[in-house]
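Participant: Mind looking over this structure? Questions follow.
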Amino acid sequence: ERRAALAASSGPGATSDGHRVPLLANVGGPADVAAAVEAGAEGVGLFRTEFLFLDDHRTAPSLETQADAYRKVLEAFPEGRVVVRVLDAGADKPLDFLTPADEPNPALGVRGLRTLLDHPEVLRTQLAALARAAEGLPVHLEVMAPMVADRTDARAFADACREAGLQAKAGAMVEIPSAALRARSILREVEFLSLGTNDLAQYTFAADRQVGAVSRLQDPWQPALLDLVALAAEAAREEDKSCGVCGEAAADPLLACVLTGLGVTSLSMSATAIPYVRAALAQHTLAQCERAAAAARATDSAEEARRAAQAVLSGE
Ligand code: PEP
Ligand code: MG
């Protein structure tokens, strides 16, 4: 039955009763675009632009180099949505010319948006390159900042986007618990949210994402993480704005149903996961997803949450 559903899997993401959940791809650059199109991605939900910066650790790529790479990704989704994340340097993605070398706790130090606010010329060049790349294209460009902690961060990023003259929605990633707890205040400044569940788990459980010994706490089925997802999604719904997930959690078909039930409005994942997630969503109604989400949140561990959701969705 599962294989048949997978074979039939094509078209836009939706529950069996037609509730739309756009399925988007995570890409690292133009090389990933073909696989995303092939998998039927409706756009890009996370373009990790730091890959462009890894070739040369001494300096940022020029405006032209960046604009060329961005344009190749934008052109692949002519009518679609492409969400570009501005440079997320530091911690697990260090860059010599930007990342402070002497921090005792790099994951808690100057990284993500914090780095860009310390180096405004890097952010300005990247936003100008994005503006140039999008010129004349019908694509729906959205630009988001990593590691937004609060409204002050969100405002600084939205201001930078406005100053760059970018015709794009500005958004904030929710990767820090404070951002989920105060999502409503962040939404005063930006037009959408995107949950980065990898970092959100790391910061919620004080468990380094690079340390295998604490991987139990990196499990996105942890009920505390589901609670934070629900908070952000509820705030976005009240403000009539979108709240997607672009962390690894979105690639787990069962969890994708639960995230939908929590009110998440789009799911972005590696291209290979898209057919599986599409097939899973198509087998359940939105109401079933909501019941599975409630059942998962009512438990006390990742393992129980997974089992509870499975039980609801398999009709046990
Ligand atoms: C995340 O943290 O969940 C995320 C999507 O960003 P990255 O994995 O690139 O840090
Ligand atoms: Mg992250």
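Participant: With n ≥ 4 as the cut-off for DSSP H runs, can you work out [θ] at 222 nm for the chain, using -39500 (n - 2.57) per run divided by the number of residues, rounded to the nearest 500?
Facilitator: Using -39500 (n - 2.57) per qualifying helix, the result is -12500 deg cm²/dmol.
Participant: What is the magnitude of the charge dipole of the chain about its Cα centre, with +1 placed on the Cβ of each Lys and Arg, -1 on the Cβ of each Asp and Glu, and no other charges, expressed in debye to the nearest 20? Don't skip to the end; give the middle numbers.
Facilitator: Numbers: 30 positive and 43 negative charges, 103 e Å.
For the chain, the charge dipole is close to 500 debye.
Participant: Distance in nm between label sites at Q283 and K72, each 7 Å beyond Cα in the beta-carbon direction?
Facilitator: Rounded to a tenth, the inter-label distance reads 3.7 nm.
Participant: Normalised radius of gyration for region 236-299, please: alpha carbon Rg relative to 2.2 N^0.38 Å, two decimal places. Please report the intermediate quantities before stating the final value.
Facilitator: Details: Rg = 11.5 Å, N = 64, 2.2 N^0.38 = 10.7 Å.
For region 236-299, the normalised Cα radius of gyration is 1.07.
Participant: Can you say what percent of the DSSP beta bridges in the chain, counting only those with both residues inside, are antiparallel? Round to 5.
Facilitator: Numbers: 2 of 31 bridges.
Just about 5 percent of them are antiparallel.
Participant: Pick out, from P120, L130, A249, the residue whose Cα sits farthest towards the positive end of the charge dipole of the chain, with +1 on the Cβ of Lys and Arg and -1 on the Cβ of Asp and Glu.
Facilitator: Farthest along the dipole direction, towards plus: A249.
Participant: How large is the convex hull of the C-alpha atoms of region 98-169 per residue, in Å³?
Facilitator: Per residue, the Cα convex hull of region 98-169 comes to 88 Å³.
Participant: Give the relative contact order (percent, whole number) for region 213-274; include only Cα pairs under 8 Å separated by 6+ residues.
Facilitator: The value is 35 percent.
Participant: Between R162 and H140, how high is the FRET efficiency from 1/(1 + (r/R0)^6) when r is the Cβ-Cβ distance and R₀ = 22 Å? Nearest 0.05.
Facilitator: The formula returns an efficiency of 0.75 here.
Participant: To continue, here is another question. Return one quarter of the surface area of the convex hull spanned by the alpha-carbon atoms of region 47-124, equal to its mean projected area, in nm².
Facilitator: 5.5
Participant: Under a straight-distance cross-link criterion of Cα-Cα below 24 Å, which lysines are reachable from K72, leaving out those fewer than 8 residues away in the same chain?
Facilitator: Partners within reach: K93, K169.
Participant: Could you check the spin-label model distance between D150 and R237? Points 7 Å from the Cα along Cα→Cβ, value in nm.
Facilitator: 2.8
Participant: Enter the mean projected area of the convex hull around the alpha-carbon atoms of region 54-191, in nm², rounded to one decimal.
Facilitator: 8.3
Participant: Just want to confirm a number: the relative contact order over region 13-64, from Cα pairs under 8 angstrom separated by 6+ residues, in percent. Kindly include the intermediate steps, with their values, before the conclusion.
Facilitator: Values: 48 pairs, mean separation 16.2, N = 52.
Reported as a whole number, the value is 31 percent.
Participant: Here's another thing I want to ask about it. Roughly how tilted is helix 63-75, in degrees to the nearest 10 and between 0 and 90, from the longest Cα axis of the chain?
Facilitator: The answer is roughly 30 degrees.
Participant: Continuing with this model, one more query. If I model a spin label at E38 and T59 as a point 7 Å from the Cα along the Cα→Cβ vector, what separation in nanometres do I get?
Facilitator: Each label point is offset 7 Å from its Cα along the Cβ direction, giving 3.7 nm.
Participant: Run the dipole for region 188-314 about the Cα centre, Lys and Arg Cβ at +1, Asp and Glu Cβ at -1, nothing else charged, and hand back the magnitude in debye, nearest 20. Write out the running numbers ahead of the final one.
Facilitator: Details: 10 positive and 16 negative charges, 72 e Å.
I would put it at about 340 debye.
Participant: Sticking with this one: Toward the positive end of the charge dipole of region 1-114, about the Cα centre and with charges on Cβ (Lys, Arg +1; Asp, Glu -1), which of S9, P106, G45 goes farthest?
Facilitator: The residue sitting farthest along the positive end of the dipole is S9.
Participant: Bin all alpha-carbon pair distances of region 1-93 at 10 Å intervals from 0 and give each bin's fraction as a whole percent.
Facilitator: That works out to 15, 40, 26, 14, 5, 0, in percent per bin.
Participant: If you don't mind, another one. Calculate, in whole percent, how much of the Cα-Cα pair population of region 172-277 lies beyond 25 Å.
Facilitator: Summing the P(r) tail past 25 Å for region 172-277 gives 15 percent.
Participant: What's the ranking of 46-58, 23-35 by average number of surrounding C-beta atoms within 10 Å, highest first?
Facilitator: With the highest mean Cβ count within 10 Å placed first, the list reads 23-35, 46-58.
Participant: Given the alpha-carbon gyration tensor of the chain, what are the semi-axes of its equivalent ellipsoid in whole angstrom, ordered largest first, with each equal to the square root of 5 times an eigenvalue?
Facilitator: Values: eigenvalues 188, 103, 61 Å².
Each semi-axis is √(5λ); the values are 31, 23, 17 Å.
Each reported figure results from applying straightforward, stated rules to the coordinates on display, with no laboratory input. A quick note: this is a predicted structure, and the numbers were derived from the prediction, not measured. Here Cβ is always computed from backbone atoms with ideal geometry, including for glycine, and neighbour counts include all displayed protein chains.
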